[in-house]
Amino acid sequence: MNPALFRLETVMESPCLVLLGEPGIGKSTTVNQELNALERRLVAGVDVLLPVDLRDVGSDGRLCARIFEDPKFLHWESGTHQLHLFIDSLDECLLRVDTVGQVLIEELQRRDRSRLKLRIACRTAEWPKVLQVGLASLWPQNEIRYCELQPLRVCDIEAAAVDLEVDTESFLREVIKRDAAGFAMRPVTLRALLRA
């Protein structure tokens, strides 16, 4: 019903893409799906893929080591190919490293971003203002896309039920009866409900 909705693949070519969403909405799953799809399309010697999960990063030093000292990053920096940098779990890193946004911006300012495609996944409520302002200083506004994953629709829930061979009508009746629509609208909890 929302006319502003669009499919993620329509913006995947943006130089800078920020994927936002509530807990359990599927940010990490979406990142992994995009990583897998990109891996199949990558041209060896032309593109480099660097996925980074910040879930367990607890200091500025570990953050820099995980991204900017990674051999793939260093190879890209000294080469002429394109880097696809996927950063997941930014919000979880923020719990331990409150300067993560500033560190990322400072490090990216010193690099050639013309050969960089940056993807960041974060919870909507945790998205740091310093990163939003910083990214706007690194890329033109038309090259930055902010996308917020939306809850699953009834047709999505029905498709998931069919995939797992669960009786769709019975399942939807139980969801309504138990007032569990909030759980059914999130991929993580929907899977648990369907298995139950």
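Apply the Karplus parameterisation 6.51 cos²θ - 1.76 cosθ + 1.60, with θ equal to phi minus 60°, to every residue of the stretch 20-30 and state each ³J(HN,Hα) to the nearest whole Hz, in sequence, with x for glycine and proline.
Per residue, the Karplus-derived 3J(HN,Hα) values read 10, x, 6, x, x, 7, x, 4, 5, 4, 5 Hz.
Determine which lysines satisfy two conditions relative to Lys117: a Cα distance under 24 Å, and not lying fewer than 8 residues away in the same chain.
Lys27, Lys72, Lys129
Computed from these coordinates, which is semi-axes √(5λ) of the Cα gyration tensor in Å: (1) 36, 21, 15; (2) 34, 18, 16; (3) 51, 26, 15?
(2)
What aspartates and glutamates could a cross-link reach from Lys177, if we take a straight Cα to Cα line under 14 Å and drop same-chain neighbours fewer than 8 places away?
Glu169
How much accessible surface area, in Å² rounded to 10, belongs to the heavy atoms of Val154 with a 1.4 Å probe?
The accessible area comes out at roughly 90 Å².
Which sequence of Leu42, Leu5, Leu63 reflects their accessible areas, 1.4 Å probe, from the largest down? Provide the component values of the computation, followed by the final result.
Working: Leu42 45, Leu5 90, Leu63 0 Å².
Descending order: Leu5, Leu42, Leu63.
Give the residue list of GluC sites (Glu not before Pro) in the stretch 116-196 that are DSSP loop and have at most 15 other beta-carbon atoms within 10 angstrom.
Values: sites: Glu126, Glu143, Glu148, Glu158, Glu165, Glu169, Glu174; in loops: Glu165.
Here the GluC sites (Glu not before Pro) that fit, given the DSSP loop and packing criteria, are Glu165.
So what's the net charge close to Thr189: Lys and Arg +1, Asp and Glu -1, counting the other residues with Cβ under 12 Å from its Cβ? Please report the intermediate quantities before stating the final value.
Values: positive: Arg186, Arg191, Arg195; negative: Glu22.
Net charge around Thr189: +2.
Can you compute the charge dipole magnitude of the chain about its Cα centre, using +1 on each Lys and Arg Cβ and -1 on each Asp and Glu Cβ, nothing else charged? Give it in debye, rounded to the nearest 20.
Numbers: 25 positive and 30 negative charges, 31 e Å.
The dipole of the chain has a size of about 160 debye.
Any idea what the dipole of the stretch 1-102 comes to, in debye rounded to 20, about its Cα centre with Lys/Arg Cβ at +1 and Asp/Glu Cβ at -1? It would help to have the intermediate numbers written out before the result.
Details: 9 positive and 16 negative charges, 37 e Å.
Roughly 180 debye, rounded to the nearest 20.
Averaged per residue, what accessible surface does the chain expose to a 1.4 Å probe, in Å²? Before the final figure, lay out the partial values.
On the way: 11150 Å² over 196 residues.
Solvent-accessible surface per residue comes out at 57 Å².
As a test question: what accessible area, to the nearest 10 Å², does Asp91 have when a 1.4 Å probe is rolled over all protein chains in place?
10
In the stretch 5-157, if the dipole is taken from +1 on Lys/Arg beta carbons and -1 on Asp/Glu beta carbons about the Cα centre, which of Ser114, Trp76, Ser28 is farthest to the positive end?
Result: Ser114, furthest along the dipole toward the positive end.
Full extension from Val154 to Asn36: what is 0.36 nm times the residue separation minus their Cα-Cα distance, to one decimal in nm? Provide the component values of the computation, followed by the final result.
Numbers: separation 118, 0.36 × 118 = 42.48 nm, distance 2.66 nm.
Full extension of this stretch gives 39.8 nm more.
Using a 1.4 Å probe on the protein heavy atoms only, what accessible surface does Ile144 show? Give it in Å² to the nearest 10.
20
Compare Ser78, Ser89, Ser137, Ser28 by solvent-accessible area with a 1.4 Å probe and give them largest first, with all protein chains kept in place.
Values: Ser78 100, Ser89 5, Ser137 80, Ser28 40 Å².
Descending accessible area places them as Ser78, Ser137, Ser28, Ser89.
Give me the net charge of Glu169's neighbourhood, meaning all other residues with Cβ under 13 Å from the Cβ of Glu169; Lys, Arg count +1, Asp, Glu -1.
Values: positive: Arg173, Lys177; negative: Glu158, Asp167, Glu174.
Every neighbour counted, the sum reads -1.
Report the trypsin sites (Lys or Arg not before Pro) located in the stretch 73-150 that are in a DSSP loop and have at most 16 other Cβ atoms inside 10 Å of their Cβ, or state none. Let's see the in-between values first.
Details: sites: Arg96, Arg110, Arg111, Arg113, Arg115, Lys117, Arg119, Arg123, Lys129, Arg145; in loops: Arg96, Arg110, Arg111.
Within the stretch 73-150, the qualifying trypsin sites (Lys or Arg not before Pro) (loop, at most 16 other Cβ atoms within 10 Å) are Arg96, Arg110, Arg111.
The values are calculated or read from the model by the stated rules, or taken from the named source; none is laboratory data. Model, not experiment: these values are computed from the prediction. Here Cβ is always computed from backbone atoms with ideal geometry, including for glycine, and neighbour counts include all displayed protein chains. Heads up: the accessible areas ignore ligands, DNA and RNA and are worked out on the full protein's heavy atoms, side chains in. Shrake-Rupley method; radii C 1.70, N 1.55, O 1.52, S 1.80 Å.
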